[in-house]
Amino acid sequence: MKRLSILAATAAAFVMAGGTAVLAPAAAQTAQPANIGGKPNLNGIWQTLNNANDDLEPHSAKPNPLPEAGRALGALSAIQPGLGVVEGGKIPYKPEALERLNHNRANLVKHDPEAACYLPGVPRATYMPYPFQIVQGENDDILMVYEYATANRVIEMRDVEVPPIDTWMGTSYGKWDGNTLVVTTLALGPGDVKLPGGEMEEGVTWLDRAGNYLSNTSTVTERFTKVNDNLIQYSATIEDPQLYTKPWTISMPLYRRMEPNAQLLEFRCVPFSEPMLYGDLLEGQ
């Protein structure tokens, strides 16, 4: 009855508002039990407090890559500086992987899946500037729901196997290593994606707005370690001998949202991305 219980947890977490699914507030954030089924209780709404989504590597403040943004918005469009979250400071790309990295960097914003409201993939969904909610039951799969684009994924608490297909969010398998939730995600592959102007491109999973990326041959291993009721230490190790000279790791804290009415709000970004993706069809009308 494992699948039935995760569906019940999902149903309990969602309410209907005008025909649209909206995640309900996290219940009594400070009154939850410390453990569920003998494992740390990760239930709650969590969010990072860093600039990893701008660039995983250390970076200085810089202007928006679109010149017209700077002219229209000034400092409002500037990219904030960041200390970086990559252990060792640098992503160890192989020389042959730099061609796609340079291609991404030559097409920042317009080729970034985030700008097009495509699903963000893993691990990027965790450190985007939006909260996400963990729904955990006893001896069951775990649900993670993200405010951005109503993305979600189920952590299947079973042995890792080769997924049948590639998807934007991949397929995630979880296990407990002591008090740490270890999640292995495979088959992160968007397939062909539509770019502005109708162009199609073989997609890859962007890791940030700086164009860093992984492919459908990559393995992402995340670790969620509960430090206390309001703090999770998070890390993600990315391994892909086709792209990198060695496995590499990012790490950061996740903070519980403490507002009494903390909840995921609706961020349906499709209407905001349509002018960029389909604006060429409106020209001349």
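The values are calculated or read from the model by the stated rules, or taken from the named source; none is laboratory data. Computed from a predicted model, the values in this text were never measured in an experiment. When we count neighbours, we look across all protein chains shown, and the Cβ atoms used for this are built from the backbone with ideal geometry, even at glycine. Surface areas here come from the heavy atoms of the whole protein model, side chains and all, with no ligands, DNA or RNA. Shrake-Rupley method; radii C 1.70, N 1.55, O 1.52, S 1.80 Å.
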> What percentage of the solvent-accessible surface of the chain, computed with a 1.4 Å probe over protein heavy atoms, is contributed by carbon and sulfur atoms?
Replying inline: 56
> Rounded, prolate or oblate: which one fits segment 228-271, using the alpha carbon gyration tensor with axes a ≥ b ≥ c (rounded when a/c is under 1.5, else prolate when a/b beats b/c, else oblate)?
Replying inline: oblate
> Loop-only check: which GluC sites (Glu not before Pro) in segment 143-174 are DSSP coil with at most 10 other Cβ within 10 angstrom?
Replying inline: GLU161
> Could you give the angle, 0 to 90 degrees to the nearest 10, between helix 2-13's Cα long axis and the longest principal axis of the Cα atoms of the chain?
Replying inline: 70
> Per residue, how much accessible area does the chain have with a 1.4 Å probe, in Å²?
Replying inline: 49
>> Which one, LEU265, PHE132, ASN41, is farthest towards the positive end of the dipole of the chain when Lys and Arg carry +1 and Asp and Glu -1 on their Cβ?
In response: ASN41
>> Going Cα to Cα from LYS194, which lysines come in below 26 Å? Please leave out same-chain ones fewer than 8 positions away.
In response: LYS110
>> Which GluC sites (Glu not before Pro) in segment 172-237 sit in a loop by DSSP (not H, G, I, E or B) and have at most 13 other Cβ atoms within 10 Å of their own Cβ?
In response: GLU199
>> What do you get for trypsin sites (Lys or Arg not before Pro) in segment 186-285 restricted to DSSP loop and a cutoff of at most 15 other Cβ within 10 Å of the site's Cβ?
In response: ARG268
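Go ahead and estimate [θ] at 222 nm for the chain from helices alone: -39,500 (n - 2.57) per DSSP H run with n ≥ 4, summed, over the residue count, rounded to 500.
Helix contribution divided over all residues of the chain: -4500 deg cm²/dmol.
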> Setting aside same-chain residues fewer than 8 positions from LYS94, which aspartates and glutamates have a Cα under 15 Å from its Cα?
Replying inline: GLU239, ASP240
>> Can you tally the net charge around ASN51? Count Lys and Arg as +1, Asp and Glu as -1, for every other residue whose Cβ sits under 10 Å from the Cβ of ASN51.
In response: -2
>> Checking the table LYS90/LYS246; LYS39/LYS226; LYS175/LYS226; LYS175/LYS246 against a 19 Å threshold on Cα-Cα, which pairs fail?
In response: LYS175/LYS246
> For VAL193 and LYS62, FRET efficiency with R0 = 30 Å and r from the beta-carbon atoms, rounded to 0.05?
Replying inline: 0.70
>> Output the 0 to 90 degree angle, nearest 10, between the alpha-carbon long axis of helix 270-282 and the longest principal axis computed from the alpha carbons of the chain.
In response: 20
